[in-house]
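Undergrad: Let me give you the structure first, and then I'll get to my questions.
The values are calculated or read from the model by the stated rules, or taken from the named source; none is laboratory data. The structure presented is a predicted model; accordingly, all values stated were derived computationally and were not measured. As a convention, Cβ positions derive from the backbone with ideal geometry for all residues, glycine included, and neighbour counts pool all protein chains shown.
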Amino acid sequence: MLLNRDSASESIQSWSLLCGLGTPGAPWLEIILAMAVEPSSSGSMKRRVGRRMKKMSNIYESAANTLGIFNSPCLTKVELRVACKGISDRDALSKPDPCVILKMQSHGQWFEVDRTEVIRTCINPVYSKLFTVDFYFEEVQRLRFEVHDISSNHNGLKEADFLGGMECTLGQIVSQRKLSKSLLKHGNTAGKSSITVIAEELSGNDDYVELAFNARKLDDKDFFSKSDPFLEIFRMNDDATQQLVHRTEVVMNNLSPAWKSFKVSVNSLCSGDPDRRLKCIVWDWDSNGKHDFIGEFTSTFKEMRGAMEGKQVQWECINPKYKAKKKNYKNSGIVILNQCKIHKMHSFLDYIMGGCQIQFTVAIDFTASNGDPRNSCSLHYIHPYQPNEYLKALVAVGEICQDYDRYETCSRLRPYHLSMGSSHPRLILDREWKISLATHHAEAHVSHDFAINFNEDNPECAGIQGVVEAYQSCLPKLQLYGPTNIAPIIQKVAKSASEETNTKEASQYFILLILTDGVITDMADTREAIVHASHLPMSVIIVGVGNADFSDMQMLDGDDGILRSPKGEPVLRDIVQFVPFRNFKHASPAALAKSVLAEVPNQVVDYYNGKGIKPKCSSEMYESSRTLAP
């Protein structure tokens with residue numbers, strides 16, 4: 001069916017806003033619109049669309065992938081519980097019938113997600129209805145909670161009384177677990193009324209199970225020696241297919257083997273269903289690959305859990321052919337499960353909700369290759385109406401990280417801010433990071449790691465806006481030099497991260513954002529610093545600004561191979577993420593943030609789980625916070 005241009009335009013633009021693909025007037029929307037309406041008989045429209053699609057394809061394919069349209073690997077579902085206190089009605093003689101409506105912002109517009117039940121005649125409602133939302137660490141997800149008085153005579157909002165609202169980000173809620181704020185009405189506090197929101201992760205079973213099998217008196221399948229047995233475990237799927245879960249090593253020449261213990265995720269073993277059937281097969285290994293079948297048995301994870309706490313579970317290993325042919329056949333051996341241990345695998349939100357803070361550090365490249373900031377061609381030029389690439393990248397990433405930098409409240413965020421490759425004619429920083437005064441420009445020297453607020457005793461800034469202000473105010477006071485050395489910055493943050501390891505707790509995880517315009521000149525030292533940092537609670541994000549050659553940065557990322565120090569030592573974890581800003585010039589700031597931060601949750605989990613460090617606040621302790629009496 002063909003559409004007219006007006007109806008097609010309205011439908012496509014509404015769809016694009018809901019899906020987060022763009023704003024009205026975006027070039028790719030015009031392409032789709034042209035394809036939706038009646039085609040031009042001359043073919044000129046098709047040719048014009050084809051040329052434009054070719055020009056835009058790379059840009060929007062990259063942006064679409066980055067925005068998670070095609071895949072969303074970091075998706076986590078979160079349940080939000082809501083309660084209010086001290087709600088007042090316009091009519092002082094009656095109590096309200098409050099309902100809370102949750103809205104989420106997308107491209108500047110608010111869309112209703114869900115609403116609670118209506119609790120009649122109540123000023124301190126505690127709602128049983130839960131809001132379930134998708135959580136993405138790498139996105140700023142703005143929420144609005146609106147409280148409406150919905151009388152029994154109607155359920156429409158047009159007739160209902162607005163009692164107050166509260167805006168926040170999902171990141172602020174999950175980082176604090178329990179967020180309480182005053183309700184606002186038309187910009188003012190709505191009396192003494194307040195709202196409390198508690199977050200709880202709604203996740204699948206990510207636990208791991210450790211199993212240890214052995215067997216005794218297995219059938220001998222070899223003429224001149226004993227069998228060489230190994231065990232395979234299969235998960236039986238709902239569609240009658242089977243999936244190999246684990247294959248043990250081969251124990252040579254042994255009819256009573258003891259296989260090494262192994263770990264497998266509960267999801268992989270039984271898809272989270274403890275009653276799902278598992279088929280276990282014992283084979284006699286042959287070098288030609290034609291292994292001899294010894295026997296099999298079936299079980300469930302529920303049955304295997306009987307081997308916990310020092311107990312054993314055993315099964316007869318049955319060969320169906322022998323059982324059918326031999327009257328006196330009993331079994332082809334006994335398989336024994338000696339050990340079943342369940343290892344809790346904590347998630348990113350387990351650590352964040354447990355009080356782990358993200359310490360956000362920024363390093364900005366002030367080398368001379370950026371150009372004189374007073375020149376409009378400089379990468380540091382402050383345009384009165386258009387932020388430069390440094391500011392765009394800084395705000396895109398910092399706006400997200402600031403929600404996790406303080407446990408108490410994001411308004412007290414203090415991200416560190418470091419810089420490299422510049423000198424200052426009056427405030428000079430020596431190697432001990434102490435400020436010394438210089439009266440002549442000739443006394444200035446190059447510093448690779450100074451605080452741009454020029455306060456070494458308190459180098460922190462108040463939120464991302466404070467970082468932006470410090471950056472803008474320091475530019476007129478600096479002279480840009482070189483070279484571009486980033487190892488000192490990494491070492492500085494790594495020192496703080498190293499001190500954190502002494503606590504043996506998941507208290508602070510460090511993220512270093514490096515914004516640079518060119519080829520780094522201390523590659524060997526940088527590789528050494530990254531390998532050292534890979535053993536610490538730390539991640540490094542590098543954004544390349546401008547049009548320089550960033551091939552060395554790609555090597556640091558490690559996507560094409562394992563990064564090694566000059567001495568050959570490999571990184572323990574992949575902690576570096578690099579992206580060139582030019583790939584996101586025509587995409588939204590959210591696309592850049594999503595790209596560079598998408599790996600951080602897994603990096604946090606990999607570090608703490610690898611060290612066997614549990615969240616500070618256990619899930620059992622968290623249960624007590626579910627009682628929502630504000």
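Undergrad: Every residue in region 558-611 that is more than 22 Å from residue 391 (Cα to Cα) and of a type in the set (A, V, I, L, M), please.
TA: 562, 563, 571, 572, 575, 604, 605
Undergrad: Let me ask something else about it. If a residue must be in contact (Cβ under 8 Å) with a residue 40 or more places away in the chain, under 31 Å from the mean Cα position of the chain (by Cα) and outside any loop (DSSP other than H, G, I, E, B), how many such residues does region 254-288 contain?
TA: Looking only at that region, the number is 7.
Undergrad: Do the conditions hold for residue 145, that is, is it buried (at least 21 other Cβ atoms within 10 Å of the Cβ), closer than 22 Å to residue 97 by Cβ and modelled with pLDDT of 85 or more?
TA: When the stated conditions are applied, residue 145 passes them.
Undergrad: Check off (1) assigned by TED's automatic domain parsing to the domain that holds residue 520; (2) modelled with pLDDT under 85 for residue 604 and give me the number that stays unchecked.
TA: Status for residue 604: all satisfied but (2).
Undergrad: Just need a number here: residues in region 570-589 that are touching a helix residue (DSSP H, G or I) at 6+ places or on another chain (Cβ under 7 Å) and part of a helix (DSSP H, G or I).
TA: Adding up the residues that qualify gives 4.
Undergrad: Testing residue 233 on (1) assigned to a strand (DSSP E or B); (2) touching a Phe, Trp or Tyr at 6+ places or on another chain (Cβ under 8 Å), one condition comes back false. Which one is that?
TA: (2)
Undergrad: Within region 296-312, does at least one residue satisfy the condition of being touching a His at 6+ places or on another chain (Cβ under 7 Å) and farther than 30 Å from residue 613 by Cβ?
TA: No, region 296-312 has no match at all.
Undergrad: Looking at this structure, is residue 310 assigned by TED's automatic domain parsing to the domain that holds residue 337, more than 21 Å from residue 341 (Cα to Cα) and either aromatic (Phe, Trp, Tyr) or surrounded by fewer than 17 Cβ atoms within 10 Å (Cβ to Cβ) (or both)?
TA: It is false that residue 310 is assigned by TED's automatic domain parsing to the domain that holds residue 337, more than 21 Å from residue 341 (Cα to Cα) and either aromatic (Phe, Trp, Tyr) or surrounded by fewer than 17 Cβ atoms within 10 Å (Cβ to Cβ) (or both).
Undergrad: Search region 529-552 for residues being under 22 Å from the mean Cα position of the chain (by Cα) and among the polar types (S, T, N, Q), and hand back the single one that is farthest from residue 471 (Cα to Cα).
TA: This residue is 534.
Residue-wise test of (1) over 31 Å from the mean Cα position of the chain (by Cα); (2) modelled with pLDDT of 85 or more; (3) not basic (Lys, Arg).
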| residue | (1), (2), (3) |
| --- | --- |
| 331 | yes, yes, yes |
| 334 | yes, yes, yes |
| 361 | no, yes, yes |
| 364 | no, yes, yes |
| 374 | yes, yes, no |
| 380 | no, yes, yes |
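Undergrad: Taking residue 616 as meeting all but one of (1) over 17 Å from residue 501 (Cα atoms); (2) of a type outside the set (A, V, I, L, M, F, W, C); (3) part of a loop (DSSP other than H, G, I, E, B), write down the number of the exception.
TA: With (1) over 17 Å from residue 501 (Cα atoms); (2) of a type outside the set (A, V, I, L, M, F, W, C); (3) part of a loop (DSSP other than H, G, I, E, B) applied to residue 616, the lone miss is (1).
Undergrad: Filter region 83-116 down to residues that are of a type in the set (Asp, Glu) and loosely packed, with under 13 Cβ neighbours inside 10 Å and give me whichever is farthest from the chain's Cα centre (by Cα).
TA: 91
Undergrad: Which residue out of 526, 516, 503 is among the β-branched types (Val, Ile, Thr), under 30 Å from residue 353 (Cβ atoms) and either surrounded by fewer than 22 Cβ atoms within 10 Å (Cβ to Cβ) or more than 23 Å from the chain's Cα centre (by Cα) (or both)?
TA: Result: 503 is the single residue among 526, 516, 503 that is among the β-branched types (Val, Ile, Thr), under 30 Å from residue 353 (Cβ atoms) and either surrounded by fewer than 22 Cβ atoms within 10 Å (Cβ to Cβ) or more than 23 Å from the chain's Cα centre (by Cα) (or both).
Undergrad: Any residue at all in region 199-213 that's of a type in the set (Phe, Trp, Tyr), in contact with a Ser or Thr (Cβ under 7 Å, 6 or more places away or on another chain) and under 30 Å from residue 615 (Cα atoms)?
TA: yes
Undergrad: Tell me which residues, restricted to region 223-236, are within 42 Å of the chain's Cα centre (by Cα) and either closer than 9 Å to residue 248 by Cβ or without any contact (Cβ under 8 Å) to a residue 24 or more places away in the chain (or both).
TA: The answer is 230, 231, 232, 233.
Undergrad: Out of all the residues in region 504-545, which are hydrophobic (A, V, I, L, M, F, W, C) and assigned to a strand (DSSP E or B)?
TA: Listed by number, the residues that qualify are 510, 511, 512, 513, 514, 515, 538, 540, 541, 542, 543.
Undergrad: Quick one: which of 567, 594 is at pLDDT below 85 and not in a strand (DSSP E or B)?
TA: Just a single option satisfies the conditions, and that option is 594.
Undergrad: Scan region 177-201 residue by residue and report those that are assigned to a strand (DSSP E or B) and surrounded by fewer than 18 Cβ atoms within 10 Å (Cβ to Cβ).
TA: Correct list: 178, 180, 181, 182, 184, 185, 188, 189, 191, 192.
Undergrad: Mind checking which strands (runs of 3 or more DSSP E) fall wholly inside region 313-409 and carry at least 3 residues that are surrounded by 14 or more Cβ atoms within 10 Å (Cβ to Cβ) and on the phi > 0 side of the Ramachandran plot?
TA: Ranges flagged: none.
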